[in-house]
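Undergrad: This is the structure I have questions about; it appears just below.
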Amino acid sequence: MKRVIGWEDLASEVASVEGAPGSVLTLGVFDGLHRGHMRLLAAAERLARAAGLQRVHIGFTPHPDLLMRGATPLQLLDAGELELRMAGAGVDLWCDLPFTPETRDTPWERFIERLVGVTAAKSIVLSPESAFGQGRQGTLPNVRAWGAAHGLQVHPVAEATAGGAPIRSTRIREAIVGGDLTGAARLLARPYALVGTLQGDEVHLQPSEAAVPPPGEYRARVGVAGRPEGRLPLVGRLTTVRVNADGLTITLVRPDAADRRFEGGPIRVALLGGSLQA
């Protein structure tokens with residue numbers, strides 16, 4: 001998978017593909033890459049492979065919440081692992097477009113017209129809650145009507161739910177911060193994992209970036225951190241860790257000699273849910 005930033009690099013990468021086959025698009029900030037996101041990616045991958053088209057995902061940088069709400073949300077997935085999982089889901093090209101006031105205020109028709117023109121898109125996969133452009137008017141019904149008039153196939157994918165409620169990144173953050181790691185794993189379709197730098201027996205997390213569960217001891221799998229050139233699945237050895245009250249460090253309660261290979265470098269701690277002290 002190739003990852004680029006901005007309209008110019010997007011156009012250049014699309015044009016560089018031999019035969020210029022066209023593309024199938026997905027659109028959005030897939031923070032956390034939860035079950036709903038994976039459903040969209042799987043549908044797009046099937047469409048692209050069946051038609052011999054390129055899989056293009058369009059995200060935004062920085063996270064739109066920084067402009068819209070004044071702060072970015074807590075991170076749910078390490079950046080390296082996010083790229084690894086996007087590639088594993090069939091994405092060929094991932095482009096983050098700068099989310100500026102101009103982007104926010106661009107009429108959705110102008111945005112989709114430019115996007116389709118640059119990517120030679122034949123299809124786009126959207127969920128019922130998809131919305132982009134000025135006033136978030138680029139909704140599924142509007143894009144579907146636009147596509148019918150401009151030759152773009154619009155493929156809706158039903159919203160993913162759990163426990164009778166839609167799966168949202170906000171819901172996952174609330175579960176993690178509240179200590180419901182089993183619930184978070186159910187929404188993510190994998191255990192929630194944190195990545196940091198190992199120093200001695202402590203994993204030092206990135207300050208204020210990731211969602212961290214309450215202090216306590218947890219079952220966990222500790223192993224290599226995800227990197228774009230790596231492979232899925234990510235696992236690690238089963239052990240015990242303690243999430244410390246500072247919210248910035250995790251202690252390996254039962255360190256192993258094998259962990260020393262991560263010293264000074266990135267290490268992944270997948271929290272399996274439930275405190276061992278309970």
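Undergrad: Could you sort the peptides 62-71, 249-258 by per-residue average Cβ neighbour count (10 Å cutoff), highest mean leading? All intermediate terms of the calculation are to be shown ahead of the outcome.
TA: Details: 62-71: 12.8, 249-258: 14.7.
Answer by packing, highest mean first, reads 249-258, 62-71.
Undergrad: Arranged from highest to lowest average of other beta-carbon atoms within 10 Å per residue, in what order do the peptides 72-82, 106-116 appear? List each step's numbers first, then the result.
TA: On the way: 72-82: 19.3, 106-116: 17.0.
Result, highest mean Cβ count within 10 Å first: 72-82, 106-116.
Undergrad: Which angle from 0 to 90°, rounded to the nearest 10, does the C-alpha axis of helix 35-51 make with the longest principal axis of the chain?
TA: The angle comes out at about 50 degrees.
Undergrad: Tell me, what is the per residue accessible area of region 25-125 in Å², probe radius 1.4 Å?
TA: Details: 4050 Å² over 101 residues.
Per-residue value: 40 Å².
Undergrad: Using a simple charge model, +1 on the beta-carbon of Lys and Arg, -1 on the beta-carbon of Asp and Glu, nothing else, what dipole does the chain show about its Cα centre, in debye to the nearest 20?
TA: Working: 30 positive and 29 negative charges, 173 e Å.
Approximately 840 debye in magnitude.
Undergrad: Given only helices, namely DSSP H runs of n ≥ 4 each adding -39500 (n - 2.57), what is the per-residue ellipticity at 222 nm of the chain, to the nearest 500 deg cm²/dmol?
TA: Working: 9 runs with 87 residues, N = 278.
It comes out at -9000 deg cm²/dmol, rounded to the nearest 500.
Undergrad: Counting residues in the chain as N, plug N into 2.2 N^0.38 Å and put the Cα Rg over that result.
TA: Here the answer is 1.07, to two decimals.
Undergrad: Another question, then. Using a 1.4 Å probe on the protein chains only, how many percent of the accessible area of region 1-142 belongs to carbon and sulfur? The partial results should precede the final answer.
TA: On the way: 3210 of 6330 Å².
Carbon and sulfur atoms account for 51 percent of the accessible area of region 1-142.
Undergrad: Sorted by packing (mean other beta-carbon atoms within 10 Å per residue), highest first, where do 2-12, 36-46 land?
TA: Working: 2-12: 14.8, 36-46: 20.4.
For the peptides 2-12, 36-46, the packing ranking is 36-46, 2-12.
Undergrad: Taking a ≥ b ≥ c as the square roots of the eigenvalues of the Cα gyration tensor of region 188-278, is the shape rounded (a/c under 1.5), prolate (a/b larger than b/c) or oblate? Before the final figure, lay out the partial values.
TA: Values: a/c = 1.30, a/b = 1.20, b/c = 1.08.
Judged from the Cα gyration tensor, region 188-278 comes out rounded (a/c under 1.5).
Undergrad: Still on this model: What shape does region 1-116 have by the C-alpha gyration tensor, where a ≥ b ≥ c are the square roots of the eigenvalues, rounded means a/c under 1.5, and otherwise prolate means a/b greater than b/c and oblate the rest?
TA: Numbers: a/c = 1.82, a/b = 1.22, b/c = 1.49.
Oblate is the answer for region 1-116, as a/c is 1.5 or above yet b/c matches or exceeds a/b.
Undergrad: OK, next. Can you tell me the relative contact order of region 1-130? Whole percent, Cα pairs under 8 Å, sequence separation 6 or more.
TA: Details: 175 pairs, mean separation 53.7, N = 130.
Relative contact order, region 1-130: 41 percent.
The values are calculated or read from the model by the stated rules, or taken from the named source; none is laboratory data. These numbers were taken from a predicted model, which means no experiment stands behind them. Using ideal geometry, Cβ is built from the backbone for each residue, glycine included, and neighbour counts are taken over all protein chains shown. Heads up: the accessible areas ignore ligands, DNA and RNA and are worked out on the full protein's heavy atoms, side chains in. Shrake-Rupley method; radii C 1.70, N 1.55, O 1.52, S 1.80 Å.
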